[in-house]
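Asks: This structure is in structure tokens; I'll ask about it shortly.
The values are calculated or read from the model by the stated rules, or taken from the named source; none is laboratory data. What you are looking at is a predicted structure, and each value in this text was computed from that prediction instead of being measured. Positions of Cβ are backbone-derived with ideal geometry, glycine not excepted, and every protein chain shown enters the neighbour counts. When the accessible area is computed, the model is the full protein with side chains, heavy atoms only, and any ligands, DNA or RNA have been set aside. Shrake-Rupley method; radii C 1.70, N 1.55, O 1.52, S 1.80 Å.
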Amino acid sequence: MNWERNIVIKSNEELAVMRKAGRVNALALETVRKMIRPGITTAELNAAAEEVIRSYNGKPVFLGYPGPYPYPATLCISINEELVHGIPGTRRLAEGDIVSIDCGTELNGFVGDAAFTAGVGEISPQAQLLLQVTEEALYKGIEQMRPGNQTGDVSAAIQSHVEENHLHVTKLYTGHGVGRQMHEGPQVPNYGKSGKGIPLRPGMTIALEPMVLVGTSKTKVLPDQWTVVSEDGSLTAHFEHSVAVTENGSVILTLPSEP
Ligand code: MF3
Ligand code: CO
């Protein structure tokens, strides 16, 4: 895709619709968060998210998404060394796992896209640090989402926080504009230089998604052709929000509460 040509500025009315889509997406994610426990299958989590989305007349946007073959589920569920795009199925969560839940919802023509990573029961100190740093990196990126800044300022804020903590960002998978399409311009990598990239303007809407690995920045794709894992088998985490740039700074569109 030509990322720079695919930047779509949204009106305030469109941003209000995006908040609604983002809210339903957040409610699906919160439902799943409460179900996370040892023994539950990833298919059960997937079914619960789909039920919430459909109960609001939303549409799961990942389901059928084009790729090596159409993506087969509502959620991406990625466990431990799985970074993104894990396919839900019969696997059961186990005590000590960390699980990333990624969800996209279309409502009234607009998409909300968000993700979080959580521990299952008690997790190691290293896993706790990974989750904390990855979520903090997301918020450091969100803080930079204001007019006058550029996409490179967002990317650099994410990268520097991750690397200061001796963790690694992926270079292959990136944040992206979001709107009527799940993937629009601009592309926002989790690495970059401040002062570079695309100028941020009010009405831009971007899904920021730090994807962080403990041991390496390198990844590989499993034979199922979707699941992305760390090359060295080390733990990984992923947090994502869809965020708007406004005159007054950033506004998170994928929160569960009413605006
Ligand atoms: N949040 C991811 C993204 O922004 C998940 C989409 S993968 C899909 O690319 F194929 F399942 F849709
Ligand atoms: Co995304």
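Asks: Taking LEU75 as meeting all but one of (1) open to solvent by less than 20 Å² (accessible area, probe 1.4 Å); (2) more than 11 Å from CYS103 (Cβ to Cβ), write down the number of the exception.
Replies: Every condition holds for LEU75 apart from (2).
Asks: I'd like to know if the range 39-59 contains one or more residues that are in contact (Cβ under 8 Å) with a residue 24 or more places away in the chain, within 16 Å of ligand 1 (Cβ to nearest atom), under 14 Å from the mean Cα position of the chain (by Cα) and open to solvent by less than 50 Å² (accessible area, probe 1.4 Å).
Replies: So far as the range 39-59 goes, no, none of its residues is in contact (Cβ under 8 Å) with a residue 24 or more places away in the chain, within 16 Å of ligand 1 (Cβ to nearest atom), under 14 Å from the mean Cα position of the chain (by Cα) and open to solvent by less than 50 Å² (accessible area, probe 1.4 Å).
Asks: A further question follows. With the structure loaded, tell me whether MET204 is of a type in the set (A, V, I, L, M, F, W, C), open to solvent by less than 30 Å² (accessible area, probe 1.4 Å), at pLDDT 95 or above and farther than 19 Å from PHE116 by Cα or whether it fails that test.
Replies: So MET204 passes the test.
Asks: Against the condition more than 12 Å from ligand 1 (Cβ to nearest atom) and at pLDDT 95 or above, how does ILE87 come out, does it pass?
Replies: It is false that ILE87 is more than 12 Å from ligand 1 (Cβ to nearest atom) and at pLDDT 95 or above.
To keep it simple, each residue is scored yes or no on (1) closer than 23 Å to MET1 by Cα; (2) of a type outside the set (Ser, Thr, Tyr); (3) open to solvent by less than 50 Å² (accessible area, probe 1.4 Å).
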position: TYR65; (1), (2), (3): yes, no, no
position: HIS85; (1), (2), (3): yes, yes, no
position: THR105; (1), (2), (3): yes, no, yes
position: ASN108; (1), (2), (3): no, yes, no
position: VAL133; (1), (2), (3): no, yes, yes
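Asks: Write out, first by first residue and then by second, each pair whose Cβ atoms fall under 9 Å of each other, whose residues are 6+ apart or on separate chains, and whose first residue, in the range 99-119, is aromatic (Phe, Trp, Tyr) while the second is open to solvent by 10 Å² or more (accessible area, probe 1.4 Å) and near ligand 1 (Cβ under 10 Å from one of its atoms).
Replies: If the second residue must be open to solvent by 10 Å² or more (accessible area, probe 1.4 Å) and near ligand 1 (Cβ under 10 Å from one of its atoms), the pairs left are PHE116/ASP102.
Asks: Kindly indicate whether VAL99 is open to solvent by less than 20 Å² (accessible area, probe 1.4 Å), more than 16 Å from ligand 1 (Cβ to nearest atom) and closer than 23 Å to GLU231 by Cα.
Replies: No; evaluated as a whole, the condition is false for this residue.
Matching residues to (1) within 18 Å of the chain's Cα centre (by Cα); (2) buried (at least 24 other Cβ atoms within 10 Å of the Cβ):
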residue	(1), (2)
GLY112	yes, yes
VAL120	no, no
ILE123	no, no
GLN128	no, no
TYR139	yes, no
ASN149	no, no
VAL154	yes, yes
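Asks: For ALA47, state whether it is more than 16 Å from ligand 2 (Cβ to nearest atom), assigned to a helix (DSSP H, G or I), over 25 Å from SER230 (Cβ atoms) and at pLDDT 95 or above.
Replies: Against the criterion (more than 16 Å from ligand 2 (Cβ to nearest atom), assigned to a helix (DSSP H, G or I), over 25 Å from SER230 (Cβ atoms) and at pLDDT 95 or above), ALA47 qualifies.
Asks: Right, another one. Within the range 226-250, can you find the residues that are touching a Ser or Thr at 6+ places or on another chain (Cβ under 7 Å), open to solvent by less than 20 Å² (accessible area, probe 1.4 Å) and either among the acidic types (Asp, Glu) or part of a strand (DSSP E or B) (or both)?
Replies: VAL228, VAL229, SER230, THR236, ALA237, HIS238, SER242, VAL243, ALA244
Asks: Something else about it: ALA94 fails exactly one of the following numbered conditions: (1) of a type in the set (A, V, I, L, M); (2) open to solvent by less than 20 Å² (accessible area, probe 1.4 Å); (3) closer than 26 Å to ALA73 by Cα. What is the number of that condition?
Replies: (2)
Asks: For the range 107-145: of the residues being among the acidic types (Asp, Glu) and away from ligand 2 (no atom under 16 Å from the Cβ), which is nearest to GLY39 (Cα to Cα)?
Replies: GLU122
Asks: Quick test for you: out of VAL169, VAL212, VAL188, pick the one residue that is modelled with pLDDT of 95 or more, within 16 Å of ligand 1 (Cβ to nearest atom), crowded, with 19+ Cβ neighbours inside 10 Å and within 13 Å of VAL245 (Cβ to Cβ).
Replies: Testing whether each residue is modelled with pLDDT of 95 or more, within 16 Å of ligand 1 (Cβ to nearest atom), crowded, with 19+ Cβ neighbours inside 10 Å and within 13 Å of VAL245 (Cβ to Cβ) leaves just VAL188.
Matching residues to (1) closer than 24 Å to ASN12 by Cα; (2) within 15 Å of ligand 2 (Cβ to nearest atom):
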position	(1), (2)
PRO147	yes, no
GLN150	yes, no
LYS171	no, no
GLN181	yes, yes
GLY197	no, no
PRO210	no, yes
THR219	no, no
LEU222	no, no
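Asks: Output the number of the condition that PRO70 fails; it satisfies all remaining conditions of (1) under 30 Å from GLU231 (Cα atoms); (2) touching a Phe, Trp or Tyr at 6+ places or on another chain (Cβ under 6 Å).
Replies: (2)
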